[in-house]
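Contents: one structure, followed by commentary.
The values are calculated or read from the model by the stated rules, or taken from the named source; none is laboratory data. In this text, all values refer to a predicted model and were calculated from it rather than measured experimentally. A quick note on method: Cβ atoms are made from the backbone with ideal geometry, for glycine too, and the neighbour counts reach across all protein chains shown. SASA here: full protein model, heavy atoms, side chains in, ligands and nucleic acids out. Shrake-Rupley method; radii C 1.70, N 1.55, O 1.52, S 1.80 Å.
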Amino acid sequence: MEKETSQPVELLLSVSRDDARTLGAQVEDQLRRAIREGALRDGAQVPSTRDLARQLGVSRRVIVDAYGQLAAEGYLALRQGARPRVSANAAAGAAAPAPSLAVAPRAPRARFDFRPTAPDLSAFPRSAWLRSLRAALASMTDAELGYGDPRGAEPLRLALGEYLGRVRGVVADPARIVVTHGYSQALALVCSALRAGGARRIAMEDPSNVDDQWIVERAGLEVVLVAIDEHGLRVDELARAAPDAVIVTPAHQQPSGVVLSSERRSALLAWLREHAALAIEDDYDAEFRYDRAAVGSLQGLAPAHVAYAGSASKTLAPALRLGWLVLPQPLLDAVLREKIVADRGSSRIEEHAFADFVARGELDRHLRRMRARYRRQRDALVRALAQELPQAAITGIAAGLHVTVQLPGAHDDDAIRAEAARRGLRFATMSDYGEHATGPTTLMLGYGRLPEAAMVPGVREVAETLRAAAAHRS
């Protein structure tokens, strides 16, 4: 698991073969207690599996399994070739910073993190990104360190134009690409530009991301919610609502996971053309698909009526703050005005680095690796759900980073959330995506951040949470 990188680390820990618990359980219990009580603080080194097995006189496999369970629960951080350490913020007794108006207190570390929007941040390709960052700094001229074109660095717009056309079928003229600080800024820029041009109402899928609704409303636009079903957006309801624009997630609807059917796509495009309206296409989770062929972008079918938006937040990491828009020509100048007012352009150095990263094929290689990894993690989650919640209906598994789990019977979402928080679980329910979300209680369980080995204990904890919440309710 780890290499010998320094002298052995001593740890006050003992096991007894007369104890009713297994040797591994004794190791886990003592380490958990030491971390919770603050004897082992955040970032503290612990012995390698080989060293601890030698100290205790037990099989190394016992320590490997114990460390693996503690890592899955968030107590230990394990990295190939590095000394095992206590995870950051794992110690329950660690002193927390005083809360302030400017900085919200940091949430405690989850034992099992099933958040549906979370990618595996440990898989970020650090070495490849560092090579691209060095290449960018070595090749950038002095002039390119200035503000430059508010659309973004030309090398990145060229690389994105080629990539999006090849992989997503986007008609991506680099002159109409605007680089942003992620999808949220992209949406805010388009909404502000639409409002300045006289738009008043924007339709959104129901349910949908509540944060997106706030962005639309902050731009001064009225939100009109339009229902979805198993085929995606209800275009007949959209036509009755008569908005100026609509936000859609056609490749993998957020949060339900349904794909906009070909019939609905045709109907939506006909409505856009007939009313000279705009669709804002959030290409959510389009890169991660497992059991079906890729679905091309909506923009590729009607580039004059669709503003295409994407980002690197789930494919690489949110910390990059990189997103992009491919805009219809009439909207370009208005969006650029909003971008100049907002920040005069995104980070040039990271833009050049990402251009190199994409052009060298590193993004393609990373996505191939992650599709295989996420598929294994998804399969492990689905197996665990079938074992622990056999009566639940599981959908949305063909793509993305989460599954939807519709529970039988009546449940109290608030009671489930409270019990989950008490147990150190993080996941979402369909009701988190708007007050209009109705129907049976549906969990949104992400598999991006949990390793395969953690799926069974994690889902078991979810099942126990549901049982405990039901018991409190009764």
Residues in region 293-336 that are in contact with an Asp or Glu (Cβ under 7 Å, 6 or more places away or on another chain), assigned to a helix (DSSP H, G or I) and open to solvent by less than 10 Å² (accessible area, probe 1.4 Å) total 1
Here the qualifying pairs (Cβ atoms under 6 Å; residues six or more apart or on different chains; first in region 138-152 and more than 13 Å from ALA353 (Cβ to Cβ); second in a helix (DSSP H, G or I) and not basic (Lys, Arg)) come out as PRO150/LEU336; PRO150/ILE340
### Task
Might you check whether a residue that is closer than 23 Å to ARG423 by Cα, aromatic (Phe, Trp, Tyr) and part of a loop (DSSP other than H, G, I, E, B) occurs anywhere in region 53-67?
no
Going through region 37-59 in order, the residues found to be more than 19 Å from GLY81 (Cα to Cα) and touching a Ser or Thr at 6+ places or on another chain (Cβ under 8 Å) are ASP42, LEU56
Note on region 379-400: residues in contact with a helix residue (DSSP H, G or I) (Cβ under 7 Å, 6 or more places away or on another chain) and touching a residue at least 60 places away in the same chain (Cβ under 8 Å) are ALA380, LEU381, ALA384, LEU385, GLU388, LEU389, ILE397
Residue pairs within 7 Å by beta carbon, gap of at least six or interchain, first lying in region 23-49 and of a type in the set (Asp, Glu) and part of a loop (DSSP other than H, G, I, E, B), second surrounded by fewer than 20 Cβ atoms within 10 Å (Cβ to Cβ) and at pLDDT below 90, listed first then second, are GLU37/GLY93; ASP42/ALA88; ASP42/ASN89; ASP42/ALA94
Scanning region 178-237 for residues that are open to solvent by less than 30 Å² (accessible area, probe 1.4 Å), of a type in the set (D, E, K, R) and closer than 22 Å to TRP271 by Cα gives GLU205
